[in-house]
Amino acid sequence: MLEQDVVYVGGGNTASLLAVWRAHGLDAILREALDAGVVLAGVSAGMNCWFEASTTDSFGPTLMPLHDGLGFVTGSACPHYDGDEQRRPLYHRLVAAGFPSGWAADDGTALRYDAMGELVEAVASREGARGYRVERRPDGAAIEQPLPTRYLW
């Protein structure tokens, strides 16, 4: 891992991949790789794994929160924000109830972070796709703010 330029994680079961990584010490190696400048990337579960928390279907057909991501990026993640009609309302309910504020990405959207876990930009390969910041307001409701999104044509 430490000799790679990029580590790309595809979709699948977020909870299972995290459990296997932790059982074999890969979580610590991935942290070391990130600190050494290796680019960590992914889609779906491969997005979720880098955050502290996320929304997932890892536990069955019902979407649920996952609270134990790797935490390389502060906050929570919600992939498939526009690709599954239950994602957006669930994420809003979770954040309103105290789930970590975080970042959502429509299908076809990538969120790029620096090595410190700070958002650099949102890019999209599909017209109309975007990224979002979703935060809990002082009154307890969740608010979504679309991110400026650069389209890759």
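Given points 7 Å out from each Cα along the Cα-Cβ axis, report the residue 20 to residue 141 separation in nanometres with one decimal.
Using points 7 Å along Cα→Cβ, the separation is 4.3 nm.
Could you tell me the accessible area of residue 143 in Å² (1.4 Å probe, neighbours in place), rounded to the nearest ten?
70 Å²
Quick one: angle between helix 26-35 and the longest Cα principal axis of the chain, in degrees between 0 and 90, rounded to 10, please.
90 degrees
In deg cm²/dmol and to the nearest 500, what is the mean residue ellipticity at 222 nm of the chain if only DSSP H runs of at least 4 residues count, each as -39500 (n - 2.57), divided by the residue total? Spell out each step's value before the answer.
Values: 4 runs with 34 residues, N = 153.
Using -39500 (n - 2.57) per qualifying helix, the result is -6000 deg cm²/dmol.
Enter the accessible area per residue of the chain (Å², integer; probe 1.4 Å; all protein chains in place).
52 Å²
Determine the distance separating the Cα centre of segment 1-52 from the Cα centre of segment 122-144; give it in Å without decimals.
What the calculation gives is 24 Å, centre to centre.
Percent relative contact order of the chain, based on C-alpha pairs within less than 8 angstrom and at least six residues apart? List each step's numbers first, then the result.
Details: 319 pairs, mean separation 25.0, N = 153.
Relative contact order here is 16 percent.
Between 0 and 90 degrees, rounded to the nearest ten: what's the tilt of helix 14-23 against the longest Cα principal axis of the chain?
With both axes taken from Cα atoms, the answer is about 30 degrees.
Between residue 151 and residue 116, how many nm apart are label points set 7 Å from Cα along the C-beta direction?
Label-label distance for residue 151 and residue 116, simple model: 3.2 nm.
Let me check I've understood the local charge: for residue 64, count other residues with C-beta under 14 angstrom from its C-beta, Lys and Arg +1, Asp and Glu -1. What total comes out? Provide the component values of the computation, followed by the final result.
Numbers: positive: 87, 93; negative: 57, 68, 84.
Taking every Cβ under 14 Å from that of residue 64, the sum is -1.
Considering Cα pairs under 8 angstrom that are at least six residues apart, work out the relative contact order of segment 1-48 and quote it in whole percent.
Answer for segment 1-48 is 64 percent.
Evaluate E = 1/(1 + (r/R0)^6) for residue 5 and residue 127, where r is the Cβ-Cβ distance and R0 equals 35 Å; express this FRET efficiency to the nearest 0.05.
The value I calculate is 0.70.
So how tilted is helix 87-96 from the main axis of the chain? Cα-based, degrees 0 to 90, rounded to 10.
Helix 87-96 and the main axis of the chain meet at about 90 degrees.
Given a 1.4 Å probe and every protein chain left where it sits, what share in percent of the accessible area of the chain is carbon and sulfur? Can you show the working numbers first?
On the way: 4220 of 7960 Å².
That fraction is 53 percent.
The values are calculated or read from the model by the stated rules, or taken from the named source; none is laboratory data. In this text, all values refer to a predicted model and were calculated from it rather than measured experimentally. Every residue, glycine as well, gets a Cβ built from its backbone with ideal geometry; the counts of neighbours run over all protein chains shown. Ligands, DNA and RNA are stripped out before the accessible areas are found, and what is left, the full protein with its side chains, is counted by its heavy atoms. Shrake-Rupley method; radii C 1.70, N 1.55, O 1.52, S 1.80 Å.
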